[in-house]
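K.L.:
Just passing along the structure, written as structure tokens.
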Amino acid sequence: MQRMTRCLVLALALLLAAAAAPAQQTAAKPKSSAPPKTTAQTKTAAQKKDQAPAVYQARFETSKGAFVIEVTRAWAPRGADRFHKLVKSGYYDDCRFFRVIAGFMAQFGINGDPEVNAAWNGATLTDDPVVKSNRRGYVSFAMSGPNSRTTQVFINYDDRNANLDGMGFAPFGRVVQGMEVVDALFSGYGEGAPRGRGPDQGRIQALGNAYLNSRFPKLDYIVKAAIVANPTK
């Protein structure tokens, strides 16, 4: 009963966490004979451009070693697309594992640059249906309520985190290499403020790594995250 109560409290804490004008054409540019694209066509083209592969891998080099997350788009398409975009753009580079709770999960995804955080704050995703379960090694986006996912993700440490499924946390991938590295991430600060003595997410958003480096120097961090060009099992 105590274990179940603790998991519910931590799960609820997760919920409390995560048009420019067209350029003028020059006379030298030949006119196109193709009909102009409709708004729907333009939107579809943009969606295809941002769509991730059906299955892909992302390798994370960290201060503790390397691990690989394999993403299956069918599990959570919107989450998989967003994660692919973030990794590919270098968003996660130098990010801290700012919330690591032994036996529960490891969370990351607040950028070290406050300006970058401000740019992503309003970029929320519509929820994906929960297809897979939040078991050990599975990866989901953190959220503060319905349709609130942005950049923060967490890696589950325990199969008993399946109780998160009913709260809408939709796994989009799983750690396929280096789970021992994830297990070894520094967890000494515990839960974040104000419930614990760990980092305050609002201050990370506003102050970035300067705040974390001065107040929480033992946190592990991501050196480099990249999409694996030729993934292997």
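K.L.:
I'd like the residue in the range 176-200 that is at pLDDT 95 or above and within 20 Å of residue 150 (Cα to Cα) and, out of all such residues, is surrounded by the fewest Cβ atoms within 10 Å (Cβ to Cβ).
P.N.:
200
K.L.:
Only residues in the range 75-93 that are over 12 Å from residue 225 (Cβ atoms) and among the hydrophobic types (A, V, I, L, M, F, W, C) count as the first member; pair them with residues that are surrounded by fewer than 17 Cβ atoms within 10 Å (Cβ to Cβ) and modelled with pLDDT of 95 or more, Cβ under 8 angstrom, at least 6 apart or cross-chain, and list the lot.
P.N.:
Cβ pairs passing all conditions: 75/131; 76/129; 76/131.
K.L.:
Hey, any hits in the range 88-104 for a residue that's buried (at least 20 other Cβ atoms within 10 Å of the Cβ), closer than 19 Å to residue 173 by Cα and in contact with a Cys (Cβ under 9 Å, 6 or more places away or on another chain)?
P.N.:
yes
K.L.:
Residues that are hydrophobic (A, V, I, L, M, F, W, C), in contact with a Leu (Cβ under 8 Å, 6 or more places away or on another chain) and at pLDDT 95 or above: which strands (runs of 3 or more DSSP E) entirely in the range 1-103 hold 2 or more of them?
P.N.:
Those strands (runs of 3 or more DSSP E) span 99-101.
K.L.:
Additional query: Return a yes/no flag: does the range 108-122 have any residue that is surrounded by fewer than 24 Cβ atoms within 10 Å (Cβ to Cβ), touching a Lys or Arg at 6+ places or on another chain (Cβ under 7 Å) and not hydroxyl-bearing (Ser, Thr, Tyr).
P.N.:
Narrowing the range 108-122 to residues surrounded by fewer than 24 Cβ atoms within 10 Å (Cβ to Cβ): 112-122.
Those left that are additionally touching a Lys or Arg at 6+ places or on another chain (Cβ under 7 Å): none.
Looking through the range 108-122, none of the residues is surrounded by fewer than 24 Cβ atoms within 10 Å (Cβ to Cβ), touching a Lys or Arg at 6+ places or on another chain (Cβ under 7 Å) and not hydroxyl-bearing (Ser, Thr, Tyr).
The values are calculated or read from the model by the stated rules, or taken from the named source; none is laboratory data. Please read all numbers here as calculations on a predicted model, not as lab measurements. Neighbour counts run over all protein chains shown; Cβ positions are idealised from the backbone, glycine included.
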